[in-house]
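What follows is a single structure, written as structure tokens, with notes after it.
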Amino acid sequence: MDTKTVKDIAFLARIRVADDQLDSLAGELSAIIGWVEQLAEVYTEGVEPMTSVVEMALPRRDDEVTDGRCREDVLANAPDGTDDFYTVPKVVE
Amino acid sequence: MTSLLTNLSIAEARDGLRTGDFSSVELTRAHLDAIEGAADANAFITVTPEIALERAAASDERRSEGGTASSMDGIPIAVKDLFCTEGVLTTAASHILDGFVPTYESIVSAKLRDAGAVMVGKTNLDEFAMGSSNITSYYGPVRNPWGPKDGKDLVPGGSSGGSAAAVAGRLSLAAIGTDTGGSIRQPASFCGIVGMKPTYGRCSRWGIVAFASSLDQAGPMTRTVRDAAIMLGAMAGHDPKDSTSAPVEVPDFEAALTGDIRGLRVGIPSEYRIDGMAGEIDTLWQKGIQWLEAAGAETVEVSLPHTRYALATYYIVAPAEASSNLARYDGVRFGLRVAGETLDEMYRNTRGEGFGAEVRRRVLIGTYVLSAGYYDAYYLKAQKVRALIARDFHRAFETVDVILTPTAPSDAFAIGEKMDDPITMYLNDVFTVPTNLAGLPGISVPAGLSARGLPLGLQLIGRPFDEETVFRAAGALEEAAGFDARPDSGAGGR
């Protein structure tokens, strides 16, 4: 993994990485990816990927409102809340 | 009196409370004093004396009014700071959750609260439960009460290191932990206590800060197997708010501790005899085999051929799920916000500053293995190997009832060791990770001391939703091991 790849991934993950850290991070991540690549030697032809360890169908419930009307609770931890809203930097020009 | 109270097991404290030998307030005060005396162990991120004394007084009142009390009623416990607690700071040991005070309670901690348990505080952990040493906490490392050794402070293991240190250091009678790849069992082994990871789906994950949703599971950390059985009984149960919580009855786990394991078939997986494993670990494992045989069990060699691929599988699956789960930390709705000119810049600044080095590494790995062009080669491949690992266990359990292995490849190491590269640290979980990948219950039981005089655990793994057999075998193992060593620094004081 080169520094450009790290930069691209960091952008996808929305994590700012200082330029002077890109090199060492590329080294660390490459080592981990190189290590997990040992899985390539496992024969997995015809094996179904395991997405859940619980052998049960996804439970369903009636489509009813069971929660809500707790605006204060929802907004209680907003780092920069104004009135009844979350605020973010301007996104519409 | 006070030091006697902090040495009790849950079962003993239950009896003492029932007979009126002491009150929950007295029991709770003794533990709050111990916590205050052991502040530099750094086992707690937040101590909650007001809540504790209020709940203890309420417990005493219930009892005096003749209410039928549960086994956990009035028992002081510590809560890993990964469980959301109503009105109490919840950090996941991360800078990015600065100031986060949930307006709701996790189901597991709510069940314990409703059973009368008394929360004394929130314990330290590796940031977002990512680690095996407690070194990645934003709030600083926890010191293992068994240290220092050779002049160096020891890690308590991780990620539930604060919980393990609190229980071992007599700062609480028990603690809740979570286990994604060994985070209950490995610190239990390092601190000489019992740690149980139940079957995936046994306990609700609702209200637990998510790390890897297909692996995370809450469980009890205690000083005896009986206590773990008692506590799990109060934590477990179906919860409609967690779609992966299993709609199965909660058995009386304590009743499973019959002490009788005659005829039990115990699997010994040869693949767990790994290169570079300390000789004393293997010796202890052989002792465990002999103990169980002497108690009437039959040991059988079993093969789990994909074991050697478990760690690599885990380090694709867990970061992938983490990168998705941690997307919610964006500086908008809770926690830290670092300003930026644009929305994207605010996200990047917040997450760049808010996540520590290990969390950042894992989110980036997860993002990479899920990204277009790499998904099949890494993530899909790992899910397939995971299926093979689970199949290995499934086949083994056709011939055996439980599997016995070491819990960790070493005893507790010094703070600062194994930091050369991330993979060295990851190897700590070599014996515990396969259980999570397969969703099985596993318990670590303190079984002996290393040459350096530090605790070592043995692990028992069971069939899905057969914690009863795991507890029964663990009870016999505990009895035979007769582990009665204690950290020489007493109540975690140094």
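The values are calculated or read from the model by the stated rules, or taken from the named source; none is laboratory data. This is a predicted model, so every value here is computed, not measured. Cβ placement follows ideal geometry from the backbone for every residue including glycine, while neighbour counts extend to all protein chains displayed.
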Is it fair to say B:Ala339 is under 25 Å from the mean Cα position of the chain (by Cα), within 11 Å of chain A (Cβ to nearest Cβ) and modelled with pLDDT of 95 or more? no
Return yes or no: is B:Ile96 within 25 Å of B:Ser159 (Cα to Cα), modelled with pLDDT of 95 or more, crowded, with 20+ Cβ neighbours inside 10 Å and within 14 Å of chain A (Cβ to nearest Cβ)? yes
For B:Glu358, the lone unmet condition from (1) in a helix (DSSP H, G or I); (2) at pLDDT below 95 is (2)
Quickly run through the range A:60-79 and pick out the residues that are surrounded by 13 or more Cβ atoms within 10 Å (Cβ to Cβ) and either more than 26 Å from the chain's Cα centre (by Cα) or within 7 Å of chain B (Cβ to nearest Cβ) (or both). A:Ala76, A:Asn77, A:Ala78, A:Pro79
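Sort through B:Asp227, B:Asp252 and tell me the only one that's at pLDDT 95 or above, surrounded by fewer than 23 Cβ atoms within 10 Å (Cβ to Cβ) and either of a type in the set (A, V, I, L, M) or within 26 Å of B:Ala117 (Cβ to Cβ) (or both).
Details: B:Asp227 fails: surrounded by fewer than 23 Cβ atoms within 10 Å (Cβ to Cβ).
It is B:Asp252.
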Would you check if there is a residue in the range B:329-346 being under 28 Å from B:Ala129 (Cβ atoms), of a type in the set (Phe, Trp, Tyr) and not in a loop (DSSP other than H, G, I, E, B)? no
Can you tell me which residue within the range A:30-57, out of those that are more than 7 Å from chain B (Cβ to nearest Cβ) and of a type in the set (Asp, Glu), is surrounded by the fewest Cβ atoms within 10 Å (Cβ to Cβ)? A:Glu45
Hey, any hits in the range B:365-383 for a residue that's surrounded by fewer than 22 Cβ atoms within 10 Å (Cβ to Cβ), more than 30 Å from A:Ser52 (Cβ to Cβ) and without any contact (Cβ under 8 Å) to a residue 60 or more places away in the chain? no
Can you tell me which residues in the range A:24-56 are over 13 Å from B:Thr313 (Cβ atoms), over 23 Å from the mean Cα position of the chain (by Cα) and either of a type in the set (Asp, Glu) or not in a loop (DSSP other than H, G, I, E, B) (or both)? A:Glu45, A:Glu48, A:Glu55
Condition met for B:Asn325 (under 30 Å from B:Val101 (Cβ atoms), away from chain A (no Cβ under 12 Å) and surrounded by 15 or more Cβ atoms within 10 Å (Cβ to Cβ)): yes
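Checking the conditions here, which among B:Pro187, B:Pro220 is in a strand (DSSP E or B), without any contact (Cβ under 8 Å) to a residue 60 or more places away in the chain and surrounded by 19 or more Cβ atoms within 10 Å (Cβ to Cβ)?
Going through B:Pro187, B:Pro220 in turn, the sole match is B:Pro220.
Of the residues B:Phe100, B:Phe83, which is within 19 Å of B:Asn325 (Cα to Cα) and in contact with a strand residue (DSSP E or B) (Cβ under 6 Å, 6 or more places away or on another chain)?
Values: B:Phe100 fails: in contact with a strand residue (DSSP E or B) (Cβ under 6 Å, 6 or more places away or on another chain).
After ruling out the rest, the residue left standing is B:Phe83.
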Only residues that are surrounded by fewer than 18 Cβ atoms within 10 Å (Cβ to Cβ) and of a type outside the set (A, V, I, L, M): list them for the range B:47-59, please. B:Pro49, B:Glu50, B:Glu54
Determine whether B:Glu398 is within 22 Å of B:Gly195 (Cβ to Cβ) and either modelled with pLDDT under 95 or out of contact with any Leu (no Cβ under 9 Å at 6 or more places or on another chain) (or both). no
For B:Gly366, are the conditions met, namely being under 29 Å from A:Pro89 (Cα atoms), within 7 Å of another protein chain (Cβ to nearest Cβ) and in a helix (DSSP H, G or I)? no
Conditions (1) aromatic (Phe, Trp, Tyr); (2) over 18 Å from the mean Cα position of the chain (by Cα); (3) surrounded by 24 or more Cβ atoms within 10 Å (Cβ to Cβ) -> B:Phe44 fails only (2)
